Structures are given as C-alpha cells and as structure tokens.
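The values are calculated or read from the model by the stated rules, or taken from the named source; none is laboratory data. Remember, it's a predicted structure, so these values are computed and weren't measured experimentally. Note that we place each Cβ from the backbone using ideal geometry, even for glycine, and neighbour counts take in every protein chain shown. Accessible surface areas use protein heavy atoms only, side chains included; no ligands, DNA or RNA. Shrake-Rupley method; radii C 1.70, N 1.55, O 1.52, S 1.80 Å.
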Amino acid sequence: MTGQKYKPRSAGRAGAARSGVNINDLAERAGVAPATVSRALNGYADIAEATRERILKLAREMNYRPSSRARQLARGSIETVAFVLPAPHGPVYDPFLSDFLDALAAALADHDYDLLVATVRQGETETEVYRRLISAQKTAGFIITNSRDHDPRIKLLQDVGVPFVVYGRAKLDAPFASVDMDNEVALAGMVDHLVALGHRRIAYIDLDDSATFARLRRAGFDAGVARNKLPAEDIAIVSSAHDSAGGQSAVSALFDGTASHRPTAVVCPADVVAIGVIQAVTARGFVVGRDVSVTGYDGVPLGAFTSPPLTTMSQPTREIGKWLVETLFAMMAGKDPADFQTVLAPTLVRRESDGSPTLVTGPRASDVIG
C-alpha cells in the first residue's frame with residue numbers, strides 16, 4: 001500500500017447519545033414507509049422537500065438518532081476507531097488497560113462511534129494487523145499505545161495517510177498527534193517523596209519492555225536518585241514483566257537469599273506490578289506501609305482496594321481518553337498533527353502503602369546482581 005493515501009468513505013456524524021426510538025417508530029408516526037424515512041434523513045433528492053422537513057421535525061421531537069450501523073449501511077461510512085491490543089506473552093490481566101479501553105469507548109460513544117479492539121493473531125505481527133484492518137477499510141482511524149522510540153506502526157500509518165493519535169512518544173522525524181504523561185518528572189518526584197519520608201534504601205522494578213514509557217520511567221527514577229544524592233550501594237534495580245507475577249518475582253530477588261537487598265521502599269513503574277509486590281511482601285511477614293513502602297504508577301481504581309491501599313502516581317484516564325478521541329477527530333478533519341502534542345503531569349495519590357522506614361536490617365545493595 002506504499003504511496004497510496006487511505007481515504008475513509010466518510011468521517012461519520014457526531015451527536016448526542018441516541019434514544020430508544022427506532023426508524024420504525026418514526027416511520028409510523030410520520031405515516032410513511034421506513035425506507036422513506038431513511039432516504040429523507042440521508043438527503044436523497046427523490047423525497048419531496050415538505051416530506052423531508054416533516055420527517056426531520058418529527059425526528060427532533062422524538063429525539064431520534066439513527067444507529068451507527070444503520071448510518072454506515074445507508075451512507076457507506078466507517079464509524080469505528082481501531083485499537084490493536086499489544087502482542088500477548090501469555091495470559092495477562094492489566095487493570096490500567098481495562099480502564100483505558102473503557103475511557104476510549106465512552107469518549108467515542110459521545111460521537112456515536114464504536115471502538116474496534118483487534119488482537120494479534122498467532123504468527124502475525126502488529127503491523128500486519130494494521131495492514132489487514134486498513135485493507136478491509138474497517139476503521140476510520142487508530143489509537144496507538146505502548147509506543148516505541150522507532151515505532152513501525154506510526155511510520156506505516158504516516159506512509160499510507162491513515163488518521164491516528166498516539167498515547168506516548170517516539171523518536172521519529174515527521175510529527176504526529178500525541179498525548180503522554182511526564183514519566184520522568186513523575187518517577188523523580190516519587191523518589192523525592194520517599195526520601196522526604198526518610199527512605200534511603202530504595203529498589204526500582206525496571207520493566208522488561210521496549211515501550212518508550214518504560215525507558216522514560218526508569219530515567220526518571222535515576223534522575224530522582226541523582227538529585228537526592230543517594231549512594232549507589234543503597235539502590236537496587238531488578239527487572240520484571242509488566243504484570244503482578246513480575247512484581248512477585250522481583251520481591252524474591254530483593255528479599256530472599258544471600259544476595260537480597262531488603263529495601264525499605266520499592267518503587268514500581270505500574271500499579272499492576274505494585275499489586276504483585278504488595279502480595280509478595282505481605283506473604284513474607286512484612287507489613288506494607290510500615291516495614292516496607294510500596295508505590296505504583298497509573299492510578300487504576302483497583303489500587304484503592306488493595307491491602308493496604310496503594311500510593312501511586314495517577315493518570316487522568318478519562319480525560320486522556322477524551323483528549324485522544326477529540327484529537328483523532330481533528331486528524332480525520334485534516335488538522336496539523338504538530339499542533340496536537342501534549343505532555344501531562346500525573347498526580348501523587350498518597351494512600352497507606354507508604355510511610356517512614358522501619359526495616360533497616362539485611363545485606364547491602366552492593367550484594368545484588370542487577
């Protein structure tokens with residue numbers, strides 16, 4: 001498809017949430033056939049102007065909104081936006097992803113659009129999924145997450161001219177519409193917060209992930225350590241998968257065996273990882289928030305119900321979803337992507353999983369093999 005520009009048949013129509021009134025109800029009230037109502041609403045020239053005006057007036061009075069599928073059939077439009085799930089590495093539950101998709105779907109519903117969630121099939125690459133959806137003309141545009149520094153998905157969509165918006169950043173020459181959190185400032189700020197509580201022996205769980213956000217969050221942690229002049233021997237870095245099992249595995253490296261670190265605080269780059277850390281630390285007989293502080297990043301609703309509730313850097317998921325959708329519609333309307341690049345600051349939400357340090361025994365961090 002190189003060199004060809006993607007042209008969706010129609011960008012659709014925005015409007016309020018549709019009511020329970022259907023086309024048959026409107027046709028019965030107007031005393032005409034449903035096909036006449038459909039042609040009148042869609043501007044066909046074979047409908048008398050007086051009839052059209054009467055039907056439009058009744059539609060307003062009855063708060064009638066044609067279904068997305070009906071409009072697509074009548075006008076040949078595409079009223080879906082695609083989101084391709086990251087390629088799976090086994091069964092994974094990510095509460096942030098669930099909340100994020102719900103936010104996107106709600107924002108799209110305000111425009112009477114649907115969210116099309118696609119998966120990467122066995123033996124298929126992510127870019128092949130994008131090409132498949134583009135070729136089938138199943139979507140008016142894409143929302144991309146987990147962006148990478150040199151992201152082939154972004155390059156593909158730029159080459160074929162498909163509207164898209166990115167939640168994240170990348171190192172590419174051509175500008176693209178994006179929104180992202182200030183991951184570096186957030187993680188550096190979390191280190192500041194823990195140091196202010198009295199922590200010096202701090203561990204960070206570095207995600208085994210190629211996404212740009214993982215690199216930026218690690219950079220933010222390193223910047224916070226440097227800013228607070230924490231000794232290298234008091235800092236431990238362990239890698240984990242982006243799931244609760246990864247958090248549990250990281251705790252094993254930090255707390256068990258002769259090469260353990262026994263930090264007084266564990267900084268996690270994602271809430272789902274922090275949930276695993278809380279479970280594993282508690283299973284070892286430590287009290288989270290007293291013996292060991294645990295912090296997360298995302299602000300998923302589940303974090304308020306962990307035991308103890310999780311201190312985290314919170315992202316405004318609903319606002320992000322709305323911003324991404326509104327920006328995608330701007331891209332579909334031909335706006336300049338360079339005008340739609342935003343970086344937001346997350347908010348520290350302090351709950352009960354952090355506190356002043358009490359755990360001071362155990363081998364030094366210099367014994368840890370990172």
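Consider the stretch 221-258. How many of its residues are of a type in the set (K, R) and not in a helix (DSSP H, G or I)?
Keep residues of the stretch 221-258 that are of a type in the set (K, R), which gives 227, 229.
Subsequent filtering for residues that are not in a helix (DSSP H, G or I) retains 229.
Result for the stretch 221-258: 1.
Tell me, which residue of the stretch 259-301 that is assigned to a helix (DSSP H, G or I) and more than 27 Å from A219 (Cβ to Cβ) is nearest to the chain's Cα centre (by Cα)? First the steps, then the outcome.
Step one: list which residues in the stretch 259-301 are assigned to a helix (DSSP H, G or I), which gives 271-283, 301.
Now narrow it down to the ones that are more than 27 Å from A219 (Cβ to Cβ): 279, 282-283, 301.
Details: Q279: 25, T282: 29, A283: 31, P301: 14 Å.
Looking at the filtered set, the residue picked out is P301.
Among the residues of the stretch 243-265, none is identified as crowded, with 24+ Cβ neighbours inside 10 Å and of a type in the set (D, E, K, R). For the stretch 21-41, the criterion of being open to solvent by less than 40 Å² (accessible area, probe 1.4 Å), within 41 Å of the chain's Cα centre (by Cα), among the polar types (S, T, N, Q) and modelled with pLDDT of 75 or more is satisfied by no residue at all.
I'd like to check something: does the stretch 279-296 contain any residue that is without any contact (Cβ under 8 Å) to a residue 60 or more places away in the chain and either under 21 Å from A186 (Cβ atoms) or of a type in the set (K, R) (or both)? Yes, because at least one residue in the stretch 279-296 is without any contact (Cβ under 8 Å) to a residue 60 or more places away in the chain and either under 21 Å from A186 (Cβ atoms) or of a type in the set (K, R) (or both).
Are any residues in the stretch 285-318 of a type in the set (A, V, I, L, M, F, W, C), out of contact with any Phe, Trp or Tyr (no Cβ under 8 Å at 6 or more places or on another chain) and open to solvent by less than 30 Å² (accessible area, probe 1.4 Å), and if so, which ones? Passing the criteria: V288, V294, L310. Taking the stretch 282-308 as the range and being closer than 10 Å to S353 by Cα and among the basic types (K, R) as the test, only R290 passes. Residues of the stretch 335-357 that are open to solvent by less than 60 Å² (accessible area, probe 1.4 Å) and either under 30 Å from G289 (Cβ atoms) or not in a helix (DSSP H, G or I) (or both): F340, T342, L344, P346, V349, S353, D354, G355, P357. Only one of the numbered conditions (1) part of a loop (DSSP other than H, G, I, E, B); (2) of a type in the set (D, E, K, R); (3) free of Cβ contacts under 8 Å to residues at least 60 places away in the same chain is not met by E319, and that is (1). If you scan the stretch 200-220, which residues turn out to be more than 26 Å from the chain's Cα centre (by Cα) and either part of a helix (DSSP H, G or I) or surrounded by fewer than 24 Cβ atoms within 10 Å (Cβ to Cβ) (or both)? The answer is R200, R201.
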